[in-house]
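The values are calculated or read from the model by the stated rules, or taken from the named source; none is laboratory data. Predicted model only: the values in this text are computed from it and were never measured. Cβ: placed from backbone, ideal geometry, glycine included. Neighbour counts: every protein chain shown.
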Amino acid sequence: MRVALFLTCVNDTLYPDTGRAVVKLLTRLGVDVDFPTAQTCCGQAHYNTGYRHEAEPLARHFSDVFRDYEAIVTPSGSCAAMVRELYPRMGARARTEGRGDTLERVLAPVVPKTYELTEFLVDVLGVTDVGAYYPHRVTYHPTCHGLRALGLGDRPRRLLRAVKGLELVELPGAEECCGFGGTFSVKNPDVSAAMGADKVRNAESTGARVLCAGDNSCLMHLGGIMTRLGVGMRPVHIAEILASTEEAPSA
Amino acid sequence: MSTTRPGTPGPPPSSRPDPPDFPAFPRAAHQAVRDRTLRGNLRHATHTIRAKRAKAVAEVSDWAALREAGKQIKDHTLRHLDRYLEQVEETVTAAGGTVHWAVDAEEANRIVADLVKETGQREVVKVKSMATQEIGLNEALEAEGIRAYETDLAELIVQLGKDRPSHILVPAIHRNRGEIRDIFRSEMGKWGRPAPEGLTDRPAELAEAARLHLREKFLRAKVGISGANFVVAETGTLVVVESEGNGRMCLTLPETLISVVGIEKIVPTWRDLEVFLQTLPRSSTAERMNPYTSMWTGTTDGDGPSAFHLVLLDNGRTDTLADEVGRQALRCIRCSACLNVCPVYERAGGHAYGSVYPGPIGAILSPQLRGTASEIDASLPYASSLCGACYEVCPVAIDIPEVLVHLRERVAQGGPATRGGNKVVLRPAKGHTAERAVMRAARWALARPGVLRGGQRFVSRTRRFHPRSLPGPGRAWTGTRDLPAVPAEPFRDWWQRTHGGKEGPR
């Protein structure tokens, strides 16, 4: 199977460890991963801030880069949701605006082939025990787009429960948004930070040292609050936990 | 009486009141998140009702089907609203009622004030109603020398406290018991029967104080004013669902009943109520069935009011209906489930939304009903992290995040809209010029992998010089959060250097 890693612009720039973890994990599971270097950004920030027309060329570019792969895997619930949920909507809007079905047709091939990482592992590869080892107490925050737009359900938790040495503790108020919300975090900084601080306090109350999620943008926001509040926890992307083994443990 | 019909271009909106003069959402929220009492009151109340709703909804095995049915009934009605409105006029008139058409708030207020004056009365009792809050009816009547008494417990608290409602279902959600006791003690006497001596903050005592205070108003009132949850087109029947029984009093005791109802409240048939009378109470108060469901059809000799007036209110609804994406907001049945699950509402409070419609539904309703010209209305579409919890609980499946993003586009980029029945092309709102430039530049760079890589390398190689706090607009991030550490190289450089980790250390 020709599998492409869509790392996302945020991970590519700020979280290369997450990218390396996905490559390591998928390679270990026998998947031949490619990283098409022409990839950039799915256009989510543009779209959600009200710049749909600016997002369209980015979506076209995404399709140009990825359309020939059999599967596109991304370690981001919100970017996966952008492709799966909002690309079709963008195409349909262009049609109702009298611009024909070109955009719809261009975007259609990538929509069903795009998977969030945990979805790809559980649904496509059919694994929940990925042979990982991570001897830490971990609490998991289901990020909103993974939870509600993609309906990831208990897939991430099933993967985490199968990790050797990992103690998974439930996060109180897990399904509540962390307050990141893309440009919301800077357009409404007070509410965003208040939501983030409540999330961090809830995570802290579990006694876990690691807050795990499937979206580094949410973790960037929460991690920034953790260090500001001086909380003894750190944010870790689920890919880095699943990639960690006894032979090559990640921190 | 006006003959202007919704669906046809009305008179120029010169008679509309000025745009609301509230601060933009982020500024109002800035105060609210620091108010510990408010945060505590809201957190307690929303979390309690949130859990109860989830339980009440989980009991219903065909909830998803009911939700879909509710959506489809509303969409069908809205698609044929012109026809159903005329049917309502016919059936209500045939049942002995009089139908009035109001294109905006001012016209509706004038109709109601004139009707009250015709009775010779100077006071009215009111059933809790969002439509009359929306048009500011109490204030308009006050200006005409008519006193309107709110009889819903929470609306009474708001009225006595000279306050604004902050929630659709529980307008005084921002108040705790101690605050309510203080308001009753100091204010009730000015409006009628004073609070009993030694009133405490026990809920039973507070309710009894309100009951005694209101009873004399019910028994004296000759005019009642209500809204309606539904209007059944086939028979001209109006429906009010409530918990306290004050509504039943107002709907049955007075001689004249005036109901102000938004044009989107119509359902075609009684059978359609089957759906909403299941979904509304469970979504709203988390009850299997609300305690009082009052239905009336015109007038009946010797029973209830002898005169009945229905004021059908447009006030921006026809404009909203013209918008393909935004019109789904008109499905709303005012249950307030979206407020109770909203993490933004929980922290900012209802007043920050600058409208009688707070929370997620308010954030998509107000900028459509009122337009996006004012500071508050232009800021409301951004008052959401797009977490989607509101859409998940909405009993008529309004995709609130979709409409929010659509309205963000209208604010940031302008574009076609309908205002006052006329098609217009809106200009982008003020204050988005820099953002627009940034977005355009980002799109340009992100459509070119080479440019993106250049930017990434620049960020990586200058990382030692990155400040901990950012100046200017960057403070919105670093005021409360640290910046992430920038890696030595972006992923794509590592990938090319090591051929995907196949060479060199991973």
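Some notes on this structure:
- Just one of the numbered conditions (1) surrounded by fewer than 18 Cβ atoms within 10 Å (Cβ to Cβ); (2) more than 14 Å from chain B (Cβ to nearest Cβ); (3) at pLDDT 95 or above; (4) over 16 Å from the mean Cα position of the chain (by Cα) is not true of residue A:154: (4).
- The set of residues in region A:205-226 that are without any contact (Cβ under 8 Å) to a residue 60 or more places away in the chain and either of a type in the set (Phe, Trp, Tyr) or surrounded by 17 or more Cβ atoms within 10 Å (Cβ to Cβ) (or both) comprises A:219, A:221, A:223, A:224, A:225, A:226.
- Tabulated pairs, region B:373-386, first free of Cβ contacts under 8 Å to residues at least 40 places away in the same chain, second part of a loop (DSSP other than H, G, I, E, B) and not polar (S, T, N, Q), C-beta under 6 angstrom, 6+ apart or interchain: B:386/A:181
- Residue list for region B:85-123, filter: assigned to a strand (DSSP E or B) and among the β-branched types (Val, Ile, Thr): B:98, B:99
This table checks each residue for (1) modelled with pLDDT of 95 or more; (2) buried (at least 17 other Cβ atoms within 10 Å of the Cβ); (3) under 28 Å from residue B:369 (Cα atoms).
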{"site": "B:259", "(1), (2), (3)": "yes, yes, yes"}
{"site": "B:266", "(1), (2), (3)": "yes, yes, yes"}
{"site": "B:273", "(1), (2), (3)": "yes, yes, yes"}
{"site": "B:281", "(1), (2), (3)": "yes, yes, yes"}
{"site": "B:292", "(1), (2), (3)": "yes, no, no"}
{"site": "B:302", "(1), (2), (3)": "no, no, no"}
{"site": "B:305", "(1), (2), (3)": "yes, yes, no"}
{"site": "B:312", "(1), (2), (3)": "yes, yes, yes"}
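- Options B:478, B:433; residue that is without any contact (Cβ under 8 Å) to a residue 40 or more places away in the chain, more than 10 Å from chain A (Cβ to nearest Cβ) and within 45 Å of the chain's Cα centre (by Cα): B:433
- Scanning region A:27-54 for residues that are buried (at least 23 other Cβ atoms within 10 Å of the Cβ), of a type in the set (A, V, I, L, M, F, W, C) and more than 8 Å from every other protein chain (Cβ to nearest Cβ) yields one hit, A:42.
- Elements of type helices (runs of 4 or more DSSP H) in region A:72-145, at least 3 residues being more than 22 Å from residue A:171 (Cβ to Cβ): A:87-96, A:102-107
- Checking each residue in region B:155-189 for being out of contact with any helix residue (DSSP H, G or I) (no Cβ under 8 Å at 6 or more places or on another chain), over 27 Å from residue B:47 (Cα atoms) and not small (Gly, Ala, Ser) picks out only B:185.
- If you go through region B:465-481 and pick out every residue that is assigned to a helix (DSSP H, G or I) and surrounded by 11 or more Cβ atoms within 10 Å (Cβ to Cβ), you end up with 6.
- Scanning region B:416-427 for residues that are within 13 Å of another protein chain (Cβ to nearest Cβ) and either buried (at least 19 other Cβ atoms within 10 Å of the Cβ) or over 19 Å from residue B:363 (Cβ atoms) (or both) returns a single hit, B:416.
- Tally of residues being more than 7 Å from chain A (Cβ to nearest Cβ) and either surrounded by 14 or more Cβ atoms within 10 Å (Cβ to Cβ) or closer than 26 Å to residue A:193 by Cβ (or both) across region B:453-464: 5
- The residues on offer are A:247, A:204, A:240, and the sole one that is in a loop (DSSP other than H, G, I, E, B) and more than 10 Å from every other protein chain (Cβ to nearest Cβ) is A:247.
- Entirely in region A:4-53, the helices (runs of 4 or more DSSP H) that have 2 or more residues that are within 23 Å of residue A:241 (Cβ to Cβ): A:9-14, A:16-28
- Note on region B:128-155: residues that are touching a residue at least 40 places away in the same chain (Cβ under 8 Å), farther than 25 Å from residue B:363 by Cα and touching a strand residue (DSSP E or B) at 6+ places or on another chain (Cβ under 7 Å) total 3.
- In region B:356-368, the count of residues that are over 12 Å from the mean Cα position of the chain (by Cα) and either of a type outside the set (A, V, I, L, M, F, W, C) or assigned by TED's automatic domain parsing to the domain that holds residue B:90 (or both) is zero.
- Condition met for residue A:91 (farther than 22 Å from residue A:238 by Cα and more than 9 Å from every other protein chain (Cβ to nearest Cβ)): yes
- Test: residue A:57 is part of a helix (DSSP H, G or I) and either of a type outside the set (Val, Ile, Thr) or within 7 Å of chain B (Cβ to nearest Cβ) (or both): yes
- Odd one out for residue A:247 among (1) at pLDDT 95 or above; (2) more than 26 Å from residue B:477 (Cβ to Cβ); (3) not small (Gly, Ala, Ser): (1)
Yes or no, residue by residue, for (1) touching a Gly at 6+ places or on another chain (Cβ under 9 Å); (2) within 12 Å of chain B (Cβ to nearest Cβ):
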residue	(1), (2)
A:164	yes, no
A:188	yes, yes
A:193	yes, yes
A:199	yes, yes
A:210	no, no
A:223	no, yes
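- Neighbours by Cβ (under 6 Å, 6+ apart or cross-chain): first from region A:35-63, in the same structural domain as residue A:104 (by TED's automatic domain parsing) and of a type in the set (S, T, N, Q); second surrounded by fewer than 21 Cβ atoms within 10 Å (Cβ to Cβ) and part of a helix (DSSP H, G or I): A:39/A:65; A:40/B:449; A:63/A:106
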